[in-house]
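These notes concern the structure reproduced below.
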């Protein structure tokens, strides 16, 4: 037990939490944007896979990690657009569209990988590039904090900036207001002249781009290759993180960090004599528990609100009855 | 549904499959050096030998189980994707009974399958209970539980059932009494197929002829209406998913005892996801599930044969599957023709229309 604590309280652990949180955080922000527009993007998992492969392929082709990132984000946006087309134009149920896209991504990336790299498991034969790590001057020299906060992949910093950017976008711009209006009440939004479908198209595309960042990080930062189904449910975890974060950017960030913590913990515990299966289970179990705890307190809050709201008229009703 | 509408649905489904196959054709044309040969293997390979056709039927069995499991849950409007984990954990439970119990021949597999079904139903019941009690999305929690089932199952195999002499991460051999007898010689088609056929009929009768099935359908069609008409929708939500999990667990048990002599899966087998396609193709109707399962199994085996004898990897089936899901579930796909059909019907029989 002491060993666990000494591992967790080491500054390296803090570093690894931020490292594993990054893809979850991007995906969670992706879930947030689409959810705000009232459309559910369960294809985040598949989109991340598509982007991860795209990033590897384009960075290997051009020799530039920047081009790889750009291609990955664009691919994510296109996949989001495709999902929007299926759900909004073809009117396929959005969950089924998402399942379909996930299936296509999981098989299609292996298919494409085999055609491009001649291997069905891993892209190691491609000379793909990795996005640079940033050492932040000033912070890097602070003892504990420096180890934790400095020297991360550039996308880790981008992820945190994206939280702020998403907040500003959703709450401080006219477009963000429209997105929220559409999600809150599409009929009311349409009645004041907002193009509901157009907004939802946009939201799903942005959501896909966000997942695209996450995918790019997976294959060009977290590790330096693409491997089959490498996202391992992070897109689904992100959906839980978004719900638990109360559908706000700040909440999403905190819950992503929480799940990142368990992810990092499971990586750390693998060094110890605990059955690896249990350790691997940790992030998923933590997600379920987190989701349940969140919904428990939410239903309790709603019940309290209902009771206090329901109590008032009941009393006046009773007194009114007496007066008659 | 009138006869015309039924014909229309058949046409719509066929057209969706045709479009998906056309996409497959284009992919093969682009990818392969010898597209003619690859396509021949893909489309006709399953028919070229008794063994290959046997493979199709073998694969059809688990797909029928997960297809019906998903159909029941989707009919109730529950997006529980736990059939994948239920299938896996059910198989683990069956393996436990098959390895550790000593029972007479016929009883042994029955006990194993029943135990697998029980574990599967508990597994899919958890997300249902979480949803009813606290409103946690069954979609997200069932997805998480799939991973939990996978790692927990591997843990059980690794620590309690692992055969250290086997070299790989596999369980002990099942007791011979537990293994399902083969039905067709020279294939691995077991008596499990009889259970699958029985399940199809029972599931159809359950959905069409019982009060329980009717409540499931009504809740799925309109939960609010069902609640106001006095149906306890919470219990429907739970029992539909418990039944779905039971069927998935049963499928996993039968697959394992019918096809293998020890537990050797290193990955989730993916039949739960395939069940989604089967259910959509079959329009959630248990009677159509075997047809859809046969179709998907045929595609799968065809692609496997093709990838073995040509330069096209079999994963491209996933692209076909995705396309089929999207097109068939697309309510605006050919919607104009449906409107025309309904309109024609309405205007043609203005007198009898009121009586119906």
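The values are calculated or read from the model by the stated rules, or taken from the named source; none is laboratory data. Since we're looking at a predicted model, the values are computed, not measured. Positions of Cβ are generated from backbone atoms using ideal geometry, with glycine treated the same way; all protein chains shown enter the neighbour counts.
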Is at least one residue of the range B:266-275 more than 11 Å from the chain's Cα centre (by Cα) and farther than 22 Å from residue B:152 by Cα?
no
Looking only at the range B:118-143, count how many residues are more than 10 Å from every other protein chain (Cβ to nearest Cβ), surrounded by 24 or more Cβ atoms within 10 Å (Cβ to Cβ) and within 17 Å of residue B:77 (Cβ to Cβ).
3
Residue that is farthest from the other protein chains (Cβ to nearest Cβ), among those in the range A:230-242 that are surrounded by fewer than 24 Cβ atoms within 10 Å (Cβ to Cβ) and at pLDDT below 90
A:232
Would you be able to say whether some residue in the range A:123-144 is at pLDDT 85 or above, out of contact with any helix residue (DSSP H, G or I) (no Cβ under 7 Å at 6 or more places or on another chain), closer than 23 Å to residue A:213 by Cβ and more than 8 Å from chain B (Cβ to nearest Cβ)?
no
From A:271, A:265, A:254, A:258, residue being without any contact (Cβ under 8 Å) to a residue 24 or more places away in the chain, surrounded by fewer than 24 Cβ atoms within 10 Å (Cβ to Cβ) and away from chain B (no Cβ under 13 Å):
A:254
Given the range B:194-260, what helices (runs of 4 or more DSSP H) lie entirely inside it while holding 3 or more residues that are surrounded by fewer than 13 Cβ atoms within 10 Å (Cβ to Cβ)?
B:223-228
For residues in the range B:278-295 being closer than 18 Å to residue B:252 by Cα and either within 14 Å of another protein chain (Cβ to nearest Cβ) or in contact with a strand residue (DSSP E or B) (Cβ under 9 Å, 6 or more places away or on another chain) (or both), which is surrounded by the fewest Cβ atoms within 10 Å (Cβ to Cβ)?
B:279
Every residue from the range A:155-176 that is loosely packed, with under 15 Cβ neighbours inside 10 Å and in a helix (DSSP H, G or I)
A:161, A:164, A:165, A:168, A:171, A:172, A:174, A:175
Considering only the range A:10-120, give the helices (runs of 4 or more DSSP H) lying wholly within it that have at least 2 residues that are surrounded by fewer than 22 Cβ atoms within 10 Å (Cβ to Cβ) and free of Cβ contacts under 8 Å to residues at least 60 places away in the same chain.
A:44-62, A:65-84, A:94-117
Can you tell me which of B:10, B:30 is in a helix (DSSP H, G or I), over 22 Å from the mean Cα position of the chain (by Cα), without any contact (Cβ under 8 Å) to a residue 60 or more places away in the chain and surrounded by fewer than 22 Cβ atoms within 10 Å (Cβ to Cβ)?
B:30
Extreme residue, farthest from the other protein chains (Cβ to nearest Cβ), among residues of the range B:331-341 that are surrounded by 13 or more Cβ atoms within 10 Å (Cβ to Cβ) and in contact (Cβ under 8 Å) with a residue 60 or more places away in the chain:
B:341
